[in-house]
Amino acid sequence: MKDKIQLIPLGGQSEMGKSMYCLDINDHIFIIDSGFRFPESDKLGVDIIIPSFTYLEEHKDKIAAIIITHGHDDVMGGLPYLLQSVNAPVYAPSLTGDLIEQMVNRYLRHNRNVSIELDLRRVNRNASLDINGVQVEFFPVTHSIPGSVGVAFYTDAGYIVYVSEFIIDFGAPEEFRCDIQKMMEIGKKGVLALMVESSGAKHEGYTSPNHKLTNKIERIFEDSNERIIISSFAQNVFRTKEIVELTKKYKRQIVFYGRDKYDNTNSLLRIGKEQKKPVIDVPDKLLGDKEKIGNSVYDSNYVILLSGSPTRIYHDICDIIDGGDKLLKIREGDTFIVASPVLPGTEKIANKAHNGLYKTDARVYLLKNKDLFSMHASKEDINVIIQIFKPKYYIPIKGEYQHFIFNRQIALDMGIDDENIILIDNGERISFENGELLKDRDIFEIEDIMIDGSGIGDVGEKVIDDRIQLANDGVVIVGLTISKETKDIIAQTDCQTRGFVYLKDSEYVIKHVIDICEEVVGKLKEDPNIEISEIRYMMKDQSMKYIMKETGKKPVFIGVVVEI
């Protein structure tokens, strides 16, 4: 019998992050990556967003493996939530496995009512495995964190290849290096479908060497005689390694000032102490003393690496500027290098941090996105991958829809037929039979699940709408106390507002709202059978009509009626 092949993305399509792709070969489902993404700025209070796992819960008996390709949150951060819904072995390269183990343990410490069974199986980056009768090939790729891999699944119609996130950089350090030879071996055997990331597809040329930080900041190191403070995303380990090497070269000491002790930089340093060959090798004499920050006798030669997540790092910078950090205060003579490009959703806080830095006495060097590429495939990187694998079908993944169009054009220019380039959205399931793509697609509704603190999916759009309303127009709370027997108001009516209007100038508004509510409650004397819930509704309805007419605002209104 011919292999039956289906592919459905649950996340990662037409969005940045939340990668999750499910490949079904002969009723064996392989989950490739399980990440989260950060919410848009209008999702107030939401920490992260993960895919809905309903599809997987309905097919949990078919799940053969979960494969995590590297140690970034957008591909592995959703794993603790996934493992609460499905039970399957997790395959990952060694370093990624260490980060997964640490992440799951941290999640369990913070959520003591949750039980997770982690069956973690570390694999060599060049491993060839048989998983439930399917030959699975791993191959090293170059990305901003060491130990990154792509993965290929053998079928009788050719390999299904998932390249993950990558660039072509033959000069990369060993632990970051790709294996072109292994890729070519897979390509020679035939590739049915190739899945390639899209987020950098609009960039001409190769990403390398535009991703490298050293040539952008080495002159700054040469010219600086005092402290150097540099911000860099914790998950870009390649960049952290460059900063360490510059610190060595210019005979300085480095302080890893990741304010979140669980960020990737701090995690890798801890993991490195247990390895013979650590990813980031920092001799003890190179390490500065964090507690001596602020004492110019000791810290004038320090490189202070301020690392963190894209959503936190600019908040941390603002906190330092405002004097909220106990140790790190910006002073005259400091050099501040911003090597953390602005990502979608962080524009407002990043702009605030940039403006704040220029008001300080530090020399500020701001590296913009166009100056410092993230380590994602540009046009020529993608050309090389297509040339290596020579796929029959081509599937752009990981990015917004506009990025898919750029990626599609690259494939067209490389000679792939337009009808063989597959654009799919989250929840669209495509099928292959006898080496051909079937025209019909199954559509499954895949919702975003919002995580708010320890709550999973208990924040819906209505809650978000209420939060936006509170943020924009505030809240009005009116409380009345009435006699249970006579229905008379027996205490002074209280009206409290927050974020609504400046009371000194708008006392008449509050007084009139109180009058409205008292008049509504008075209806209970006329008809004692009216439900209190109906009275509360009338209080809200009539008060809001007046408030809208008088102020143009639409606050959250809460009416409270207490019977004694």
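For segment 437-495, which positions are farther than 25 Å from Glu518 by Cβ, at pLDDT 90 or above and aliphatic (A, V, I, L, M)?
Correct list: Leu437, Leu438, Ile443.
For segment 62-75, what are the residues that are within 15 Å of the chain's Cα centre (by Cα), within 15 Å of Leu10 (Cα to Cα) and open to solvent by less than 10 Å² (accessible area, probe 1.4 Å)?
Val75
Looking at segment 271-282, is at least one residue small (Gly, Ala, Ser), at pLDDT 85 or above and surrounded by fewer than 19 Cβ atoms within 10 Å (Cβ to Cβ)? Walk me through how you get there before you give the answer.
Taking segment 271-282 as the starting set, the residues that turn out to be small (Gly, Ala, Ser) are 272.
Cutting the leftovers down to at pLDDT 85 or above gives us none.
Among the residues of segment 271-282, not one is small (Gly, Ala, Ser), at pLDDT 85 or above and surrounded by fewer than 19 Cβ atoms within 10 Å (Cβ to Cβ), which makes the answer no.
What is the residue count in segment 232-260 for residues that are within 28 Å of the chain's Cα centre (by Cα) and polar (S, T, N, Q)?
Counting residues in segment 232-260 that are within 28 Å of the chain's Cα centre (by Cα) and polar (S, T, N, Q) gives 4.
Going through segment 286-295 one residue at a time, which ones are open to solvent by 30 Å² or more (accessible area, probe 1.4 Å) and in contact (Cβ under 8 Å) with a residue 12 or more places away in the chain?
Leu287, Asp289, Lys290, Glu291, Gly294
Which of the residues belonging to segment 398-443 are in a loop (DSSP other than H, G, I, E, B), touching a residue at least 12 places away in the same chain (Cβ under 8 Å) and open to solvent by 60 Å² or more (accessible area, probe 1.4 Å)?
Glu400, Met414, Asp425, Asn434, Arg441 - these are the residues of segment 398-443 that are in a loop (DSSP other than H, G, I, E, B), touching a residue at least 12 places away in the same chain (Cβ under 8 Å) and open to solvent by 60 Å² or more (accessible area, probe 1.4 Å).
Considering segment 470-498 alone, what residues qualify as being in contact (Cβ under 8 Å) with a residue 12 or more places away in the chain, hydrophobic (A, V, I, L, M, F, W, C), in contact with a strand residue (DSSP E or B) (Cβ under 7 Å, 6 or more places away or on another chain) and loosely packed, with under 13 Cβ neighbours inside 10 Å?
none
For segment 184-219, what are the residues that are modelled with pLDDT of 90 or more, at negative phi, in a loop (DSSP other than H, G, I, E, B) and surrounded by fewer than 16 Cβ atoms within 10 Å (Cβ to Cβ)?
Glu204, the sole residue that qualifies.
I'm told Ile382 meets every condition in (1) among the β-branched types (Val, Ile, Thr); (2) more than 30 Å from Glu40 (Cα to Cα); (3) not in a loop (DSSP other than H, G, I, E, B) except one. Can you identify the failing condition by its number?
Failing condition for Ile382: (2).
Filter segment 87-103 for residues that are in contact with a helix residue (DSSP H, G or I) (Cβ under 9 Å, 6 or more places away or on another chain), open to solvent by less than 10 Å² (accessible area, probe 1.4 Å) and not in a helix (DSSP H, G or I) and give the result.
Listed by number, the residues that qualify are Ala88, Val90, Ala92.
Considering only segment 145-177, state which residues are of a type in the set (S, T, N, Q) and buried (at least 24 other Cβ atoms within 10 Å of the Cβ).
If the condition is that a residue be of a type in the set (S, T, N, Q) and buried (at least 24 other Cβ atoms within 10 Å of the Cβ), then Ser148, Ser164 are the ones that fit.
Only one of Ala157, Ala172 is of a type outside the set (Phe, Trp, Tyr) and either closer than 30 Å to Arg331 by Cα or touching an Asp or Glu at 6+ places or on another chain (Cβ under 7 Å) (or both). Can you tell me which?
Ala157
What are the residues in segment 349-369 that are open to solvent by less than 40 Å² (accessible area, probe 1.4 Å) and either touching a strand residue (DSSP E or B) at 6+ places or on another chain (Cβ under 7 Å) or of a type in the set (Lys, Arg) (or both), if any?
His354, Leu357, Ala362, Val364, Leu367
More than 22 Å from Ile451 (Cα to Cα) and either modelled with pLDDT under 90 or surrounded by fewer than 16 Cβ atoms within 10 Å (Cβ to Cβ) (or both): does that describe Arg106? Before you say what the answer is, go through the steps one by one.
Numbers: more than 22 Å from Ile451 (Cα to Cα): no; either modelled with pLDDT under 90 or surrounded by fewer than 16 Cβ atoms within 10 Å (Cβ to Cβ) (or both): yes.
For Arg106, the condition - more than 22 Å from Ile451 (Cα to Cα) and either modelled with pLDDT under 90 or surrounded by fewer than 16 Cβ atoms within 10 Å (Cβ to Cβ) (or both) - is not met.
Looking at segment 16-61 only, could you name the residues that are buried (at least 20 other Cβ atoms within 10 Å of the Cβ) and β-branched (Val, Ile, Thr)?
Across segment 16-61, the qualifying residues are Ile25, Ile29, Ile31, Ile32, Val46, Ile48, Ile49, Ile50.
Considering only residues that are among the basic types (Lys, Arg) and either crowded, with 19+ Cβ neighbours inside 10 Å or free of Cβ contacts under 8 Å to residues at least 60 places away in the same chain (or both), look in segment 370-391 and name the one that is nearest to Asp33 (Cα to Cα).
Here the answer is Lys379.
Glu222: acidic (Asp, Glu), modelled with pLDDT of 70 or more and in a helix (DSSP H, G or I), yes or no?
So Glu222 fits the description; yes.
Does Ile388 count as closer than 24 Å to Leu23 by Cα and among the hydrophobic types (A, V, I, L, M, F, W, C)? Break it down into steps so the answer makes sense when it comes.
Working: closer than 24 Å to Leu23 by Cα: yes; among the hydrophobic types (A, V, I, L, M, F, W, C): yes.
So Ile388 passes the test.
The values are calculated or read from the model by the stated rules, or taken from the named source; none is laboratory data. In this text, all values refer to a predicted model and were calculated from it rather than measured experimentally. As a convention, Cβ positions derive from the backbone with ideal geometry for all residues, glycine included, and neighbour counts pool all protein chains shown. SASA here: full protein model, heavy atoms, side chains in, ligands and nucleic acids out. Shrake-Rupley method; radii C 1.70, N 1.55, O 1.52, S 1.80 Å.
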